[in-house]
Amino acid sequence: MRILIVEDEPRLARTIADLLREHRYEADIAADGPAGLDGLLTGIYDAAILDVMLPGMDGFEVVRRLRRQGVRTPVLMLTARTGVDDRVLGLDSGADYYLTKPFSNEELLACLRALTRRQGERAENVLTCGDLRLELASCMLVCQSRSVRLSRKEFEILGLLMGQPGRVVSKEQLLLKVWGYESDAEDNNVEVYISFLRKKLSHLGSKVHIRTLRMLGYRLEQEQAG
Ligand code: CA
């Protein structure tokens, strides 16, 4: 399980990272809001620990933008402030849990366990292709021991491709099914999401690739062994 710590106080960030590693989490640190948002948008994290007061962009805004992009990574917000308004604002912006500084190691670990509990549950409905498994209930894409959470649009695009492996799906089909008739999304929206998906496939080390067929669309292909 991989956690991103977004915290601008280097000592606190390191302390949390050490604690998580002791408890067998993988932990990365981002030191400001924009770096945190970029990291989380990759979708490779299973959860985030996010400070509120951050340089560049505050924690509320990071979560708001993350949710707007359809990324549902669980977020634990950290703050020195204790005002009720801040808690409400934090939860309204899309955070899942709220923890006030200073906190004990046990509190932090308990929050993190609660936050990631849902990850352990198996979805019943899955699509598979090669070494990939797409879990429909949780939007998790799994390849052997690794997994990433997909945003809603990534999930729908990959679902369409995995639903008809080997067949070409055109950009027009993707636009229509994922963005809908009324949308003014254009071809390059599709390209952007395809590139997000390719990054995730490569992070997973999958042998399945999304091939671009010029003027036609996209197709899933598997690397041949040997
Ligand atoms: Ca701070």
Exercise for review: Check whether at least one residue in region 176-186 is of a type in the set (Lys, Arg), open to solvent by 10 Å² or more (accessible area, probe 1.4 Å) and in contact with a helix residue (DSSP H, G or I) (Cβ under 9 Å, 6 or more places away or on another chain), and report yes or no.
Suggested key: yes
Review point. Out of (1) free of Cβ contacts under 8 Å to residues at least 12 places away in the same chain; (2) out of contact with any Asp or Glu (no Cβ under 6 Å at 6 or more places or on another chain), what's the single condition that is false for residue 140?
Key: (1)
Check your understanding: If you go through region 37-54, how many residues are open to solvent by 10 Å² or more (accessible area, probe 1.4 Å) and either away from the ligand (no atom under 16 Å from the Cβ) or in a helix (DSSP H, G or I) (or both)?
Key -> 8
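So, of the residues in region 159-193 that are β-branched (Val, Ile, Thr) and under 18 Å from residue 127 (Cα atoms), which turns out to be modelled with the lowest pLDDT? Even if it seems obvious, please write down each step before you answer.
Of the residues in region 159-193, the ones β-branched (Val, Ile, Thr) are 168-169, 178, 190, 192.
Okay, now just the ones that are also under 18 Å from residue 127 (Cα atoms), so 168-169, 178.
Numbers: 168: 89, 169: 89, 178: 84.
Within region 159-193, the match that is modelled with the lowest pLDDT is 178.
Which one is modelled with the highest pLDDT, of the residues in region 102-132 that are among the polar types (S, T, N, Q) and not in a strand (DSSP E or B)? First the steps, then the outcome.
Just the residues of region 102-132 that are among the polar types (S, T, N, Q), to begin with: 104-105, 116, 119, 125, 128.
Among the residues that remain, those that are also not in a strand (DSSP E or B) are: 104-105, 116, 119, 125.
On the way: 104: 89, 105: 92, 116: 77, 119: 50, 125: 67.
Filtering region 102-132 for residues that are among the polar types (S, T, N, Q) and not in a strand (DSSP E or B), the one modelled with the highest pLDDT comes out as 105.
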Review point. Can you find even one residue in region 57-76 that is of a type outside the set (A, V, I, L, M), within 16 Å of the ligand (Cβ to nearest atom), closer than 25 Å to residue 196 by Cβ and without any contact (Cβ under 8 Å) to a residue 24 or more places away in the chain?
Key: no
Exercise for review: Among the residues of region 10-30, count how many are in contact (Cβ under 8 Å) with a residue 24 or more places away in the chain, open to solvent by 60 Å² or more (accessible area, probe 1.4 Å) and within 15 Å of the ligand (Cβ to nearest atom).
Suggested key: 1
Review point. Out of region 31-56, which residues are in contact (Cβ under 8 Å) with a residue 40 or more places away in the chain, farther than 28 Å from residue 204 by Cβ and touching a Lys or Arg at 6+ places or on another chain (Cβ under 9 Å)?
Key: 51, 53
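The values are calculated or read from the model by the stated rules, or taken from the named source; none is laboratory data. Being a predicted model, the structure only gives us computed values, none of them experimental. Please note: Cβ atoms are built from the backbone with ideal geometry, for glycine as well, and neighbour counts cover all protein chains shown. Just so you know, the surface numbers come from the protein's heavy atoms only, side chains and all, with ligands and any DNA or RNA stripped out. Shrake-Rupley method; radii C 1.70, N 1.55, O 1.52, S 1.80 Å.
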